[in-house]
Amino acid sequence: MKQQDNSKLDSALASLEPWFEQQASQDLLRFITCGSVDDGKSTLLGRLLWESRQIFDDQLAALQADSKRYGTQGGEIDFALLVDGLAAEREQGITIDVAYRFFATPRRKFIVADTPGHEQYTRNMVTGASTADVAVVLVDARVGVLAQTRRHAYLVSLVGIRHVVLAVNKMDLVNYSHEVFDEIARTFADYVQALRFESIVSIPLSALRGDNITTRSAHTPWYGGPTLMAYLDTIDIRTREGGRFVFPVQSVSRPHADFRGFCGTVAAGSVASGDRVRVTASGQTAAVQRIVTMNGDSQDAARGDAVTLVLDREIDASRGDVISSEADPLEMTDQFEATLVWMHEDAGLAGRTYELKLASQWAGASITALKYRVNINTMAQESCSQLGLNDIAVCNIALTRPIAFDNYAHSRTLGGFILVDKFTHATVAAGMIRHNLRRAENVHRQALNITRADRERLNGHQGKVIWLTGLSGSGKSTLANALEQKLHALGRRTYILDGDNVRQGLNRDLGFTEADRVENVRRIAEVAKLMMDAGLIVMTAFISPFRHEREAARQLIGVDDFLEIHVSTPLQVCEARDPKGLYKKARSGAIPNMTGINSPYEAPLEPALRVDSGVRSLDEQVTDVLTLLGAVSS
């Protein structure tokens, strides 16, 4: 009986072999649907799945039940529910997250991303577009091209998509008007003229009724172009990745002493056994001895293949390194110009530090210059001092260490990156490298014969930075002055960088906006580091209200050399003192960015020391700081 069952199974599998061979030979097209809210993206995707017969019986039954439950189509099937998987999406009738679906035709396989239309979720749309080959931009025929339509078209261009379908949806609601379709197509074509798309095809359709989805509609006899499915089935896509071999190392595999391999996915190009490769950061070279796959050794590997490379000799490489061809090596950079799409509610500011991730590489990063912001309606380049949610801007970025890179136009893998907030670990921006800043190649650190250790030996004590932070009137400057007098009496070499004094010279060009305060802290941190390198004990006395910037200063100066002291005098005490009359002016509206009144102060979470001048006497505060300094200052 068991033999008979096995025979039936073997026969069934044999009958499926042609199907498996056909699936393996098909190419894969990734595309997205995007557009404004309620343009019908999810309905269109649901219709495509329906028409391509990718819906199982149980899914159909659930779809019919959900359509009756939510009642969006008066009892008829609501195809949008096939892809609007979140409960909030079904209740609101909008797409929030990116929904990925797979389907296939006899000619091609597809992975489609249904991306959000609401401006609030533009970041999700960028995520879906980042791996796509074609964009289907939907427009509601009743309202035409909107600001969000323009934004999505611009973003589609930025992430490197070169083929666009303008799907003019809901034609049934404008009586399939040829004039309406032509006007929308002209408006869109005029807008995207400067976006360098290789092809733009406009298609009139009704996702709900099925017009021009898989078969031509009798309602649009004036339309002579392809149906949407015919276009997707036949569009010729070519990879935009360069021909050179690029292999970001994800991990190092060492199951036993006789095996050491570098694991990852080939990002571009190809590699074969015997090829010579280079580790970009170290410059070390070797030959590929084996290419290990889940199915055993292979003679070669191409883009998209997940493999383990075994080299003919030991070289220094680990996660974050990038391996390339020895004959066609990659460049390194620590400064470049990029286009940023800002994805977070918190403002993006020049001087603020973030973590940058590019391929498998991580580095500290800061925006050094905001060159301009793009007005997506007019394409105009507008000046800006900070970035808000969904802003698109060109800027300069500096890194804490060099990384392997390429221009985004040549390689999505080595040209696309994200910026991550150091505290919340939220992704705040997506970026595309435009070009390297050659100035970095012309600036080299000069070796000095006299070192910091030599200067400290001469001074008789170590250099340190004592970073006093707190509200205006909290007693920072008073404490710094008293502390310096005591240290001077003890024979210590010191200097105070007082907030008001520095703003009369080095930082006289800065105001009190959030962006200016970030730059104020950055400059003071750089000066404090230089003075510490001279062997001095440096005291900084200024508000420095933001944790991001204080942490950036800590990382720049060095964790062991940075002592953050929070002068935690309460606001009511500071305001009662009001030594400069600032609080009174702020309360009257004369000062718009007064910390503690109409601008936030982010208190340190774990300072090295916390003192309250309203409770502790000045002598006690000085003693507390000297105790903290203790062994490190002598």
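The per residue volume of the convex hull around the alpha-carbon atoms of segment 246-325 is 79 Å³. Across segment 296-308, computed HN-Hα scalar couplings (Karplus, 6.51 cos²θ - 1.76 cosθ + 1.60, θ = phi - 60°) run x, 6, 10, 7, 8, 8, 10, 3, x, 7, 8, 9, 10 Hz from first to last residue, x flagging Gly and Pro. From least to most packed, judged by other beta carbons within 10 angstrom and beginning with the fewest, I184, I161 follow the order I184, I161.
Between F336 and I397, L437, the built amide H atoms are under 5 Å apart, and every one of these is 5 or more places off in sequence or on another chain.
Below 9 angstrom from the Cβ of A552, what's the summed charge of the other residues (Lys, Arg +1; Asp, Glu -1)?
Its environment carries a net charge of +3.
In this structure, the amide hydrogen of I591, modeled 1.01 Å from its nitrogen in the peptide plane, lies closer than 5 angstrom to those of A586, counting only residues at least 5 positions away or on a different chain.
Just in segment 418-525: which trypsin sites (Lys or Arg not before Pro) are loop by DSSP and have at most 13 other Cβ atoms within 10 Å?
Answer by residue number: R445, R508.
Put in order of Cβ neighbour count within 10 Å, fewest first, the listed residues H410, H425 become H425, H410.
Other residues lying with their Cβ under 9 Å from the Cβ of G460 contribute a combined charge of +2, Lys and Arg counting +1, Asp and Glu -1.
Subtracting the Cα-Cα distance from 0.36 nm times the residue separation, let me have the gained length for Q250 to S282 in nm, one decimal.
Computed gain between Q250 and S282 is 9.8 nm.
Counted by Cβ distance under 10 Å from G470, the other residues give a net charge of +1, where Lys and Arg count +1 and Asp and Glu count -1.
The Cα center of segment 560-596 and the Cα center of segment 163-230 differ in position by 60 Å. Taking θ as phi - 60° and the Karplus parameters 6.51, -1.76 and 1.60, the scalar couplings of segment 32-43 work out to 10, 10, 8, x, 7, 4, 6, 7, x, 5, 5, 4 Hz in sequence order, x denoting glycine and proline. Stretching L605 away from M379 to a fully extended chain increases their span by 77.1 nm, per 0.36 nm per residue minus the current alpha-carbon distance. For S613, the residues 5 or more places off, or on other chains, whose built amide H falls under 5 Å of its own are S568, T569.
Sorting C34, C263 from the fewest to the most surrounding beta carbons within 10 angstrom yields C263, C34.
Every read-out reported here was derived from the displayed coordinates using simple, explicitly stated rules and does not represent laboratory data. Everything numeric here is computed off the predicted structure, so don't read it as measured data. Note: ideal-geometry Cβ built from the backbone for every residue, glycine included; neighbour counts use all protein chains shown.
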